[in-house]
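First comes the structure, then the notes that go with it.
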Amino acid sequence: MAIKDFPIEEYVLPGNAACPGCPSTMGLRTVLKALGKKTILTIPACCTAVIQSWYPYTSFNVPTLNIAFEAAASAASGIAAALKKLGEEDINVVVWAGDGGTYDIGLQALSGAIERQTNFLYICYNNQIYSNTGIQRSGATPYAAWTTTTVKGKKEFRKDIGEIIIAHHVPYAATACVSYPEDLYNKVKKTMGIRGPKYIEILAPCPPGWRFSMDKTVEMGKLAVETGAWILYEYENGKLSFNGISKSIAEGKYKPKPVEDWLKLQGRFSHLFKPEKDIVRINAIKDHIRDTWEHYKKLASL
Amino acid sequence: MKVVIDTGNYIAARAAMMAKPKVVAAYPITPQTTIVEGIAKYVENDELDAEYICVESEHSAMSACIGAAATGVRTFTATSSHGLLLMHEMLHWAALARLPIVMCNVNRAIGPGWNIWCDENDSIAQRDTGWLQFYCSSNQEVFDTVIQAYKIVENEKVLLPAMINLGGFILSHTSLPVRIPEQKEVDEFLPPYEPKWRLDVNHPITHGNIIFPDDYYKIRYNMQLAQDNSRKIIKEVAREWREKFGTYHGDLVEEYRCDDAELVILAMGAIGAEAKVAVDKIRKNGLKVGLLRIRAFRPFPEEEIIGMAKKCNKLLVIDRNISVGNEGALAGETRACLKDRVEDANVYGFIAGLGGKDVTYIDIEKMCKMVIDGKAGRVEWYGLG
């Protein structure tokens, strides 16, 4: 669906407390437009816990349960179970969590909820850091990125949570990026027709966290996809397929831009370019992107 | 009404089944396991129309109960020891969210080393979470208290979660006869749950977002009011239960042969049952001893303890827990509530039975003798050997 045809109803209202250029709010706005009014959100500790505004106000126009950091997926299990008993299974049960709450502290509850075939949609908006606490390393932080707890750059590569989710044999999993709202909208819409656990992970470039100008959020997300640093895919009925530009990259119809084009615009990677170019680490990033692509191409061919 | 002979755990499961929760989320842990097994069987045999969520941890058990209760249904869970400790964060969450969740906790010691026997340090460590806490001394009391608890906590003047404690193995795995009412009678006593708030797509609210100090402070104050309110409700519900079903275990406390007592024992849980035997035995020797069994540790039965201390100024407090660095929790709180109110009160604290060490009526007789003979200090570690 084209953006101009999105429902006019807004569920993320003005007056919220997001930073200018916040990708989380952009993503959630699209997600809720797709899901509509019959949606219950549960949100663990993350930026969105603050963004929704403070008591007694709220900027969210769907029922929202805030819950502890590691507890979102299990709270959603409870919500889904209660709705089943109330005969209200047509309501979308949705977790909206950051990467810290998904990759790290919330992984156990998420794994459990998926294994139990909970009928819910779990969305991770991944800004690749603990941003709400002020930019600390998470399991989603990419190699070499500066954070306040990796001041010389992270030494490890990020966890591939998508594969962890897929290993649970979910009926649906996908990646998305806030820069492609139609793609995100369509993916969310698709989950609404599927019973059981659904997982979508949205790349969410964070201006203060990644150290770029707040008017460049969309561009930063696009570059991540265009350089191949972020892959858009869907996993459905045991089959993985690429979408959008990622599909063109996989088919050899689009030559990915050099990853430096994306890295250079982010202050968190500035140490890779000055005082002199850090060829070793830039090559390690390139190798990792190449290996990830090879791996995913294999998965897609299965 | 029929009489069933069964273990404390199966009786707890039966009580939960008869209270008709819509969602049960639980995780097994010794010695609680047979409660969740019992519930699972009821659900699978269609004797209980509930969703049973086999969660992957106790933290998730409580989180799922919170999610379900916030969606507007009655919930139940059960745990013990380390499971309860893992839940700790969510115990606070449930109470602050004012969700009337009911949970059984089978009191068990905390490791290391691994010890599966009775000890109340698990639940005492949760005393500041805002939950109502009941301690049972018989399987009948377990049954009655579980159902009573729903009626208490679902009262709009309370709306806090409740924890019903039973001693690991002492009650959990011991079969005793229990009078079980008909389901119809239970339904008359406990009407279906009508939530005061719920996650409702037609009336969207945001629960638990950022709150500033002035409002947060009021939330805490309101929790305190709710605990205070619950004192009256606990009494009313216990009275109503007695009228309807004939069994009665006291309300906040149970008094046993206290009228002319010159020494009163304060105890919780199964030690309370043992203390009754001790009282009878000692009285046969002409010594006037009574028992004030603490059923509700939260809300704390302050008035009842003060009233008792005014009649009898010698109080022997037995704690199957230790606030390391201070003393047993019941003794400490008893002292605190008597301070400046009953000037001549003497409180003798006895730590006993930690890690499941037996505390029999003979031990309790010996404790009484130590106090009567003037050989008991402020805090005694009974039976250290």
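The values are calculated or read from the model by the stated rules, or taken from the named source; none is laboratory data. Being a predicted model, the structure only gives us computed values, none of them experimental. Cβ: placed from backbone, ideal geometry, glycine included. Neighbour counts: every protein chain shown. For the accessible areas, the whole protein counts, side chains as well, though only heavy atoms, and no ligand, DNA or RNA atoms are used. Shrake-Rupley method; radii C 1.70, N 1.55, O 1.52, S 1.80 Å.
Quick one: compute the contact order of region B:253-381, relative version, from alpha carbon pairs under 8 angstrom and 6+ residues apart, as a percent.
Rounded, it is 26 percent for region B:253-381.
Please compute the length gained on full extension between B:D49 and B:D259, using 0.36 nm multiplied by the number of residues separating them and subtracting their Cα-Cα distance.
Additional length available on full extension: 70.9 nm.
Chymotrypsin sites (Phe, Trp or Tyr not before Pro), restricted to region B:62-164: which are DSSP loop and have at most 14 other Cβ atoms within 10 Å?
Taking region B:62-164 and a limit of 14 other Cβ atoms within 10 Å, the loop chymotrypsin sites (Phe, Trp or Tyr not before Pro) found are B:W114.
Checking buried surface per residue: for region B:197-224, which residues lose a minimum of 40 Å² accessible area in the protein assembly relative to the chain alone (1.4 Å probe)?
By number: B:R198, B:L199, B:V201, B:P204, B:T206, B:H207, B:N209, B:I210, B:F212.
With every protein chain left in place, what is the accessible area per residue of region B:21-74 in square angstrom, probe 1.4 Å?
Computed with neighbouring chains in place, this is 30 Å² per residue.
Leaving out ligands and nucleic acids, note down the accessible area per residue over region B:331-382 with a 1.4 angstrom probe, in whole Å².
52
Check each of the trypsin sites (Lys or Arg not before Pro) in region A:111-176 and keep only those in coil by DSSP with at most 11 other C-beta atoms within 10 angstrom; list them in order.
Those that pass, being in a loop and sparsely packed, are A:K152, A:K155.
Can you find, among B:H203, B:A261, B:Y221, the residue sitting farthest towards the positive end of the charge dipole of region B:192-268, where Lys and Arg contribute +1 and Asp and Glu -1 at Cβ?
Projecting each Cα onto the dipole axis, the largest value belongs to B:H203.
Using mean Cβ contacts within 10 Å as the protection proxy, how do A:105-115, B:44-54 order, highest first?
A:105-115, B:44-54
In terms of Cα to Cα distance under 20 Å, which aspartates and glutamates are near enough to B:K281, apart from those fewer than 8 places away along the same chain?
B:E254, B:E255, B:D259, B:D260, B:E262, B:D358, B:D363, B:E365, B:D373
On a full-extension model of 0.36 nm per residue, what is the gain between B:N115 and B:I211, subtracting their alpha-carbon distance, rounded to one decimal in nm?
Answer, rounded to one decimal: 30.5 nm.
Give me the distance in nm between label points sitting 7 Å out from Cα along the Cα-to-Cβ direction at A:I164 and A:A300, one decimal.
Going by the 7 Å Cα→Cβ label model, 2.4 nm.
Given the Cα-Cα distance of A:V151 and A:E10 and 0.36 nm per residue of separation, how much length would full extension add, in nm?
46.8 nm
Using alpha-carbon pairs under 8 Å, 6+ residues apart, how would you state the relative contact order of region B:114-203 in percent?
34
Separation between the B:V277 and B:E182 pseudo-spin-labels, each 7 Å from Cα along Cα→Cβ, expressed in nm?
3.7
Give me the compactness ratio for region A:170-302, meaning the Cα radius of gyration over 2.2 N^0.38 Å.
1.13
Taking the Cβ of A:L110 as the center, what net charge do the other residues with Cβ under 13 Å away carry, scoring Lys and Arg +1 and Asp and Glu -1?
-3
Taking 7 Å along the Cα-to-C-beta vector as the label spot, tell me the A:K286-A:E88 distance in nanometres, rounded to one decimal.
5.5
Specify the inter-centroid distance of region B:132-196 and region A:70-102, based on alpha-carbon positions, in whole Å.
First find each Cα centre; the distance between them is then 28 Å.
Accessible area of the protein assembly as shown with a 1.4 Å probe: how many percent of it is carbon plus sulfur?
C and S fraction of accessible area: 53 percent.
With a sphere of radius 12 Å drawn around the Cβ of A:K84, what net charge do the other residues whose Cβ falls strictly inside it have (Lys, Arg +1; Asp, Glu -1)?
Net charge around A:K84: -2.
Averaged across the residues of B:67-80, what count of C-beta atoms belonging to other chains lies within 10 Å of each residue's C-beta?
The shielding value for this peptide is 5.
Nearest 10 degrees is fine. How inclined is helix B:361-372 to the longest principal axis of chain B, computing both from alpha carbons?
Computed tilt is about 50 degrees.
Would you tell me the mean number of C-beta atoms belonging to other protein chains that fall within 10 Å of each C-beta in A:48-61, as a whole number?
4
Within the P(r) computed for chain A, what percentage of the Cα pairs occupies the region above 27 Å?
Tail of P(r) above 27 Å: 38 percent of Cα pairs.
Against the empirical 2.2 N^0.38 Å scaling, what ratio does the C-alpha Rg of chain B come to?
0.96
Between the alpha-carbon centers of region A:208-228 and region B:46-103, tell me the distance in whole angstrom.
Using only Cα atoms to place each centre, the spacing works out to 41 Å.
Could you tell me how many degrees, from 0 to 90 and to the nearest 10, lie between the Cα long axis of helix B:139-153 and the main elongation axis, the longest principal axis, of the Cα atoms of chain B?
With rounding to tens, the tilt is 50 degrees.
Taking θ as phi - 60°, what are the ³J(HN,Hα) couplings along region B:253-269 by the Karplus curve (6.51, -1.76, 1.60), each to the nearest whole Hz, with x for Gly and Pro?
After applying 6.51 cos²θ - 1.76 cosθ + 1.60, I find 9, 10, 8, 9, 6, 9, 3, 10, 5, 9, 9, 10, 8, 10, 8, 10, x Hz.
Would you calculate the convex hull of the Cα atoms in region B:105-192 and tell me its volume per residue in Å³?
97
Rg (Å, one decimal) plus Dmax (Å, integer) for the alpha carbons of the protein assembly as shown?
For the protein assembly as shown, the Cα radius of gyration and maximum Cα-Cα distance read 29.1, 100 Å.
Compare the peptides B:314-323, B:59-68 by average per-residue count of other Cβ atoms within 10 angstrom and give them in order, highest first.
For the peptides B:314-323, B:59-68, the packing ranking is B:59-68, B:314-323.
Relative to 2.2 N^0.38 Å, what does the C-alpha radius of gyration of region B:210-313 come to as a ratio? Two decimals please.
Here the answer is 1.36, to two decimals.
Relative contact order of chain B, please, whole-number percent, based on alpha carbon pairs below 8 angstrom and at least 6 residues apart.
It comes to 16 percent, rounded to a whole number.
Filter B:K22/B:K244; A:K37/A:K190; A:K37/A:K297; B:K41/B:K357; A:K253/A:K277 down to the pairs with a C-alpha to C-alpha distance above 28 Å, please.
A:K37/A:K297; B:K41/B:K357; A:K253/A:K277
With all pairs of different alpha carbon atoms counted, what Kirkwood hydrodynamic radius in Å does region B:65-218 show?
Computed over Cα pairs of region B:65-218, the Kirkwood hydrodynamic radius comes out at 16.8 Å.
Please quote Rg/Rh for region B:280-342 to two decimal places, taking the Kirkwood radius as Rh and restricting both calculations to Cα atoms.
A ratio of 1.00.
Going highest first, how would you order B:18-25, A:260-267 by mean Cβ packing within 10 Å?
Ranking the peptides B:18-25, A:260-267 by packing returns B:18-25, A:260-267.
Compute the distance from the alpha-carbon center of region A:237-299 to that of region B:276-301, in whole Å.
74
Where Lys and Arg each count +1 and Asp and Glu each count -1, what net charge lies around B:V55 among other residues with Cβ under 13 Å from its Cβ?
Summing Lys and Arg as +1 and Asp and Glu as -1 gives -4.
Relative to the longest principal Cα axis of chain B, at what angle does helix B:329-338 sit, 0 to 90 degrees, rounded to 10?
With both axes taken from Cα atoms, the answer is about 70 degrees.
If I take R0 = 25 Å and measure r between the Cβ atoms of B:I219 and B:S323 in this structure, what FRET efficiency does the formula 1/(1 + (r/R0)^6) give, to the nearest 0.05?
0.40
Averaged over all directions, how much area does the convex hull of the C-alpha atoms of region B:15-151 cover when projected, in nm²?
Mean projected area of the Cα convex hull: 7.5 nm².
So how compact is region A:25-135: Cα radius of gyration and Dmax in angstrom?
13.4, 42
Nearest 100 Å² is fine: what is the total accessible surface buried where chains A and B meet, probe 1.4 Å?
3100
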